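Student: Would you mind keeping the following structure in view while I ask a few things?
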Amino acid sequence: MGFERVVSLQGMLFLLIVIGVFAKKKSILPEESNKVLTDFLINIILPCNIINSFRAELKIEVLINFVRIFLLAFGIQIFAIIINNFLYRNQSEERQKVLKYATVISNAGFMGMAVVEGVFGMAGAMYASISLISQRALLWSAGLAYFTKANTKKELFKKILTHPCLVSVYIGLILMIFQIPLPDFLGRTIRSIGNTTTPVSMILIGLILGEIKDLKNFVTKTVMFYTTIRLVGLPLIVFLVGKFFGFDEILIGVQILITGMPAASTTAILAGKYNGDVEFATKCILVSSALSMITIPIWCLILKI
């Protein structure tokens, strides 16, 4: 994909977000629409998109790349957890919860899949779904632990292993490994639903941002420091490690885009539920989301996509 097409993709994503903001500001959708769309995206649309991405010819090289990108993704997640121990020591406890969670957990599950598919196609979406396994696991463990504690390890593992997106990875792997063909009507249905990933996920982000009422004083030193870590620092580590180990360009590119996603919308939701700084969380989401529209094309330019 050429750089001009990447910029065009970002323009499309931006307009979809604007549509979501407009729909929220004009009360076109009901108050509960955010939750409904989130549940529909996680439980129906993303699983279909993931399953469809695995409907390809099995190659040993692909399986090896699965292991490589999983290790690369897991490694950067562990690195983020480690640097959390000293990056935000000068912040209040309420803000530390937000910053630590948002450093480990990004919006890759929604926005990342859409961007990667737009840039690298279904092959990219397939690798992205493997990459996101570690983040989805950490969402229910280390990520959530910044705000609260899990009741039992059994409950924790159940949440991880039965997550709809992970279940769809299991199904996709079975279809790919055993080369199981799907009936034409079923394959078309899964593909059609999965193709709505980009518009629904971007509009949902717009709906979330549309709830913000006061845009004053959003850009602060702390917010910019976090945003730099999220959008530049962590992807740079991925770039250097990937190049050092000689990983395929598509693996490095997919993981950089996944890692360079803005703060997750769940950051503000959990901050509100578990006594974090909700206003500060909202600032991190808005600023990092806005600036990602600039950093993502720059990363694509560096990767010569």
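The values are calculated or read from the model by the stated rules, or taken from the named source; none is laboratory data. Keep in mind that this is a model prediction, so the values were computed, not measured. Glycine also receives a Cβ, built like all others from the backbone with ideal geometry; neighbour counts cover every protein chain displayed. Side chains are part of the model used for accessible areas, which takes the heavy atoms of the whole protein and leaves out ligands, DNA and RNA. Shrake-Rupley method; radii C 1.70, N 1.55, O 1.52, S 1.80 Å.
Student: For segment 24-33, give me the residue count where each residue is open to solvent by 20 Å² or more (accessible area, probe 1.4 Å), in a helix (DSSP H, G or I) and in contact with a Leu (Cβ under 9 Å, 6 or more places away or on another chain).
Tutor: Selection size over segment 24-33: 1.
Student: Looking for whichever is among the aliphatic types (A, V, I, L, M), open to solvent by 70 Å² or more (accessible area, probe 1.4 Å) and over 26 Å from residue 203 (Cβ atoms) here; the options are 83, 64, 78. Which one fits?
Tutor: On inspection, the qualifying residue turns out to be 64.
Student: Scan segment 234-247 and give yes if some residue there is assigned to a helix (DSSP H, G or I) and within 15 Å of the chain's Cα centre (by Cα), otherwise no.
Tutor: yes
Student: Going through 193, 171, 180, 237 one at a time, which residue ends up being touching a Phe, Trp or Tyr at 6+ places or on another chain (Cβ under 7 Å), more than 18 Å from residue 265 (Cβ to Cβ), open to solvent by 40 Å² or more (accessible area, probe 1.4 Å) and modelled with pLDDT of 90 or more?
Tutor: Of 193, 171, 180, 237, the one residue that is touching a Phe, Trp or Tyr at 6+ places or on another chain (Cβ under 7 Å), more than 18 Å from residue 265 (Cβ to Cβ), open to solvent by 40 Å² or more (accessible area, probe 1.4 Å) and modelled with pLDDT of 90 or more is 237.
Student: What tally of residues in segment 35-88 results from selecting those that are outside any helix (DSSP H, G or I) and modelled with pLDDT of 90 or more?
Tutor: Number of matching residues: 1.
Student: Let me ask something additional. Looking at 120, 147 in this structure, which one is touching a Phe, Trp or Tyr at 6+ places or on another chain (Cβ under 9 Å), outside any helix (DSSP H, G or I) and over 19 Å from residue 237 (Cα atoms)?
Tutor: 147
Student: Right, next: Suppose the filter is within 29 Å of residue 8 (Cα to Cα) and part of a helix (DSSP H, G or I); does residue 168 pass it?
Tutor: For residue 168, the condition - within 29 Å of residue 8 (Cα to Cα) and part of a helix (DSSP H, G or I) - is not met.
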